[in-house]
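Each remark here refers to the structure printed beneath this line.
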Amino acid sequence: MRPFDYARAGSVDAAVAAGAAGGRFIAGGTNLLDLMKIEVETPARLVDISRLPLDRIEVREDGGLSIGALVPNSDLAADRCVVEGHPALSRALLAGASGQLRNKATVGGNLLQRTRCYYFYDTATACNKREPSAGCSALGGYNRIMAVLGWSEQCIATHPSDMAVALRALDAVVVTLTPAGETRRVPIAEFHRLPGDTPHIETVLEPGELITAVELPPPVAGARQTYRKVRDRASYAFALISVAAVVRVEAGRIAHAALALGGVAHKPWRVAEAEALLIGEAPSPALFAASADRLLKGAEGHGDNDFKIILARRTILATLRELTT
């Protein structure tokens with residue numbers, strides 16, 4: 001690990017100013033410190049934000065939630081309002097990592113996790129995400145865990161967060177403070193970027209912009225929610241495929257549907273047209289298949305990960321059956 005400077009921010013404004021001057025924010029450090037040890041990340045200055053007053057979960061007047069960026073994953077998963085109103089989020093959090101990591105990992109840090117692509121972690125290989133214009137070793141290498149949707153010739157990595165997939169299905173909004181002192185509210189759908197020609201730019205955050213909270217709208221009345229994760233082993237493994245879903249059935253027909261996929265792209269994947277196919281229709285295998293096919297339209301494997309397309313389709317069908325039976 002290379003030498004670096006360390007400072008503890010005394011206020012949110014001070015943290016943003018330090019970030020704008022080139023500092024890297026650190027709270028739980030469950031991802032950043034690992035990357036620093038293998039010199040994938042080499043920040044010259046760390047700004048500790050772990051003691052800022054951003055660790056509360058509050059119910060808003062409209063019945064939605066405001067979740068501080070420093071709320072530990074364990075606390076969020078166990079919060080009564082989350083368990084009762086947003087169980088897909090609770091299940092997603094509990095499906096991620098170990099209890100020890102969840103106790104340290106924060107909401108903001110979870111959103112900013114970096115990919116677990118083998119080649120990103122191996123500094124002896126070419127990786128456009130780690131070193132722009134270096135090339136992508138995964139395209140011609142072992143790509144079993146890589147993306148099948150939204151990828152580019154520059155990068156086929158996936159986003160690793162379980163929490164972010166649930167937040168995408170729940171229409172969350174990411175609240176930030178910019179270096180200009182302005183509060184910005186970014187829909188989760190717009191927060192993460194697809195790789196395109198700049199896979200090293202992973203979010204829409206400006207340098208020094210700090211996540212302060214995540215907002216959830218009120219729960220959809222009468223809806224059922226779940227988070228289904230398919231992985232190589234039962235615990236401590238990242239998703240090969242995951243599905244977060246919110247579905248409400250009224251009078252035998254689907255009145256609301258939200259479906260988000262994880263493990264398939266550079267960001268949580270959601271397609272409005274796939275949900276629109278379900279609305280107003282009676283649940284059926286044929287209907288679910290049509291929705292799954294639309295959600296996966298354009299999916300393309302790279303050899304080792306071809307199975308992901310079939311696995312994703314089956315997981316979508318199983319999830320829809322679960323929520324409509």
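For 6, 119, write out the residues from largest to smallest accessible area, computed with a 1.4 angstrom probe and no ligands counted. Kindly include the intermediate steps, with their values, before the conclusion.
Values: 6 120, 119 45 Å².
From most exposed to least exposed: 6, 119.
Shown is the FRET efficiency for residue 224 and residue 204, computed with R0 = 51 Å from the Cβ-Cβ distance and rounded to the nearest 0.05: 0.95.
Using the Cβ-Cβ distance between residue 185 and residue 58 with R0 set to 22 Å, the FRET efficiency works out to roughly 0.90. Here residue 25 sits with roughly 50 square angstrom of accessible surface, probe radius 1.4 Å. The overall shape of the chain, judged from the alpha-carbon gyration tensor, is oblate: a/c is not under 1.5, and a/b is no greater than b/c. Computed with the Debye formula from one identical point scatterer per Cα of segment 254-325, without solvent, the log10 of I(q)/I(0) at q = 0.19, 0.23 Å⁻¹ comes to -0.73, -1.03.
Summing Lys and Arg as +1 and Asp and Glu as -1 over all other residues whose Cβ lies under 15 Å from the Cβ of residue 234 gives a net charge of +3. Summing Lys and Arg as +1 and Asp and Glu as -1 over all other residues whose Cβ lies under 11 Å from the Cβ of residue 277 gives a net charge of -3. Label separation (residue 306 vs residue 101): 3.1 nm, computed from points 7 Å beyond Cα along the C-beta direction.
If you average the alpha carbon positions of segment 72-131 and of segment 44-67, how far apart do those two centres end up, in angstrom? Distance between centres, Cα-based: 16 Å.
With each label modelled as a point 7 angstrom along the Cα→C-beta vector, the residue 38-residue 272 pair spans 3.9 nm. The order of 310, 67 by accessible area, most exposed first and with a 1.4 Å probe, is 310, 67. Looking only at 160, 219, 207, which one moves most when the chain is put into a Gaussian network model with springs between Cα atoms under 10 Å? Among 160, 219, 207, the largest mean-square fluctuation in the Gaussian network model of the chain belongs to 207. A probe of 1.4 angstrom, applied to the heavy atoms of all protein chains, finds residue 145 with accessible area near 40 square angstrom. Measuring r between the beta carbons of residue 14 and residue 50 and using R0 = 22 Å, the FRET efficiency lands at 0.95.
Scanning the chain for helices, which whole DSSP H stretches are 24 Å or more long along the axis (Cα) and average 0.5 or more by Kyte-Doolittle? Please list the in-between numbers first.
Numbers: long enough: 307-324 (26 Å, 0.67).
Result, helices passing both filters: 307-324.
The values are calculated or read from the model by the stated rules, or taken from the named source; none is laboratory data. Given the structure is predicted, the values throughout are model-derived calculations rather than measurements. Note that we place each Cβ from the backbone using ideal geometry, even for glycine, and neighbour counts take in every protein chain shown. The area values use the complete protein model at the heavy-atom level, side chains included, leaving out ligands, DNA and RNA. Shrake-Rupley method; radii C 1.70, N 1.55, O 1.52, S 1.80 Å.
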